[in-house]
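S.K.: Attaching a single structure in structure tokens format; questions to follow.
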Amino acid sequence: MNYSELTLQYFETAAGAGVLTGPDVYRGAAGSRAQGTWVQFDLQVSGGIIHAARFLAFGCPHTIAVSAWVAEHAGGPLARATLPERVQDLSERFAVPMEKRGRLLIIEDAWVAAVNAALQR
Amino acid sequence: MLRPVYLDHAATTPVDSRVAAAMAQCLTVEGEFGNPASASHPFGDAAGALVETARAQVAAAVGAVPSEVIWTSGATEADNLAIFGVAQYYREHGRHIITVRTEHKAVLDPCRELERRGWRVTYLAPDSGGVIHPDQVAAALRADTVLVSIMQVNNEIGVIQDVSAMGAVCAKHGGARLHVDAAQSVGKIAVDFAELGVDLMSLSAHKVYGPKGVGALLVSRRGGRGGDRGRVQLTALQFGGGQERGFRAGTVATHQVVGMGLAFELARTAPPSEVERISVLRERLWQGLASLGGIFRNGDAKRSVPHVLNVSFEGVEGESLLAAVRGRLAVSTGSACTSALQEPSYVLRALGRDDILSESSLRFGLGRGTSESDIDTAVAVVTRAVSRLRKIGGT
């Protein structure tokens, strides 16, 4: 399979991979390794602001690359439980094939779960 | 840019330079470009002589006689000719075929097509090492069985089947003919068509440093093991000139068969030390990867050809694993990638691997050009990729 340059860049660097710890860290996960795609986000939130984000991802290069991009662009107000960019826009940004776009919904679910955990603190 | 280390010799091999040179001699006006079927002038005679020399070379490499060699475009066509040819010829005797779940698609797809046309097919399940036992074949034989098709060396896991024992089972049955796909065998293990007692054998040139686009089907003229049940018969699948004794019409591609003949000759005369060298390199690769932990060797190592190592890596996703190594390493996944989405390898699933481990496998195919340095590079690249992906995946 061919990947876009952006996909390869984020897949190969995967900056932001890991976990956060501490009282102001909120976690959300979605998917299943047994099903082939699993994503987890940790958000460090205080004063309604996301200060840091980390991710773990078991999945294809697109899954890892998009998760890394989302974690990188996560900083800012914790206003709503939405991704920094819509799934449709992310799929175009990373040239995700149509048949793999369901995996972006797993990323969105993990993100929403993490944000909701922070909003419900 | 550095070319990746090539460890995909089970998929194809580079054409030996001596083979390429011999092929080139059959193409241009300075060489033997004639139609080998043209008996009316020296151009045809010369090309025809080269074709027959090649036929003898192929036969000698696999313990056959030249008249048993039918040229084809490759092992896939040979498999199709064997399966459809036998099924069609013996259709009044029976419409049952036995094969194995881990066969190449070139066998499985014709069998499925025959099922659509009304034949019955039994798909034998291998044990966890990929081995089919002769008593499984014996138990599956029916009065209406006309063909058993079993590959000698599996293309994904390298496991060698005891086709000689299966030949004996078929001979005892009497009506069932044995077809063996030996595309992965030549040059790796000794192949003796007569000794094995099989009726039909498919061969390929490009797995043995010969060209793509040429292969052969061996059709026994001895009546199989014991020679007491009559020669196997086939119905031809294509018509239009009567070449290859009517089994495969069409002008024989002189340069292709000359290439295959020389490639098989070189394989036959290669020093046995080369097989030992490859075997040592494969164990170096396995031992190097073993330090990762969470890896599984697919296929019974004691019954495997030396040039194939198939490994599943726990805690990584298959597509990402391949993407992580592809810049430095040319290998295959264990998967049959027939679509944009990877499908788990049906071969590994048949061995009992779950979908995730079936997807997260790599097949390393070693060959003549593989060096210790290549193996050490492969170990380093795969170790880094797996470790990194496990960290990203939190496993």
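The values are calculated or read from the model by the stated rules, or taken from the named source; none is laboratory data. All values derive from a computational prediction rather than experimental measurement. Positions of Cβ are generated from backbone atoms using ideal geometry, with glycine treated the same way; all protein chains shown enter the neighbour counts.
S.K.: May I ask you to verify whether B:Gly118 is over 21 Å from B:Val219 (Cβ atoms) and surrounded by fewer than 20 Cβ atoms within 10 Å (Cβ to Cβ)?
M.R.: Yes: the conditions hold for B:Gly118.
S.K.: A further question on this structure: Which numbered condition in (1) in contact with an Asp or Glu (Cβ under 6 Å, 6 or more places away or on another chain); (2) free of Cβ contacts under 8 Å to residues at least 24 places away in the same chain is the only one that B:Val159 fails?
M.R.: Just one mismatch for B:Val159, condition (2).
S.K.: Search the range A:65-96 for residues being within 14 Å of chain B (Cβ to nearest Cβ) and assigned to a loop (DSSP other than H, G, I, E, B), and hand back the single one that is surrounded by the most Cβ atoms within 10 Å (Cβ to Cβ).
M.R.: A:Val96
S.K.: Give me the residue from the range B:332-352 that is hydroxyl-bearing (Ser, Thr, Tyr) and closer than 12 Å to B:Ser312 by Cβ and, out of that set, modelled with the highest pLDDT.
M.R.: Restricting to residues being hydroxyl-bearing (Ser, Thr, Tyr) and closer than 12 Å to B:Ser312 by Cβ, the top hit is B:Ser345.
S.K.: Scan the range A:13-64 for residues that are at the interface with chain B (Cβ under 10 Å from one of its Cβ atoms) and of a type in the set (A, V, I, L, M) and jot them down.
M.R.: Scanning the range A:13-64 gives A:Ala14, A:Ala17, A:Val19, A:Ala29, A:Ala34, A:Val39, A:Leu56, A:Ala57, A:Ile64.
S.K.: Going residue by residue through the range B:146-164, is there one that turns out to be assigned to a loop (DSSP other than H, G, I, E, B), over 30 Å from B:Asp16 (Cβ atoms) and among the hydrophobic types (A, V, I, L, M, F, W, C)?
M.R.: Looking for residues that are assigned to a loop (DSSP other than H, G, I, E, B), over 30 Å from B:Asp16 (Cβ atoms) and among the hydrophobic types (A, V, I, L, M, F, W, C), one finds none in the range B:146-164, hence no.
S.K.: Every residue in the range A:1-12 that is away from chain B (no Cβ under 11 Å) and charged (D, E, K, R), please.
M.R.: The answer is A:Glu5, and nothing else.
S.K.: Identify the single condition in (1) surrounded by 17 or more Cβ atoms within 10 Å (Cβ to Cβ); (2) within 14 Å of another protein chain (Cβ to nearest Cβ); (3) within 13 Å of B:Asp8 (Cα to Cα); (4) in contact (Cβ under 8 Å) with a residue 40 or more places away in the chain that B:Phe313 does not satisfy, given that it satisfies every other one.
M.R.: It fails just one condition, (3).
Rundown of residues vs (1) modelled with pLDDT of 95 or more; (2) more than 20 Å from B:Val180 (Cβ to Cβ); (3) not polar (S, T, N, Q), yes/no style:
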site	(1), (2), (3)
B:Thr99	yes, no, no
B:Leu108	yes, no, yes
B:Gly118	yes, yes, yes
B:Pro126	yes, no, yes
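S.K.: Residues in the range B:373-395 that are of a type in the set (Gly, Ala, Ser), within 13 Å of chain A (Cβ to nearest Cβ) and surrounded by fewer than 19 Cβ atoms within 10 Å (Cβ to Cβ): how many?
M.R.: Final tally of qualifying residues: 2.
S.K.: Do we find that B:Gly367 is over 26 Å from the mean Cα position of the chain (by Cα), touching a residue at least 60 places away in the same chain (Cβ under 8 Å) and surrounded by 15 or more Cβ atoms within 10 Å (Cβ to Cβ) in this structure?
M.R.: no
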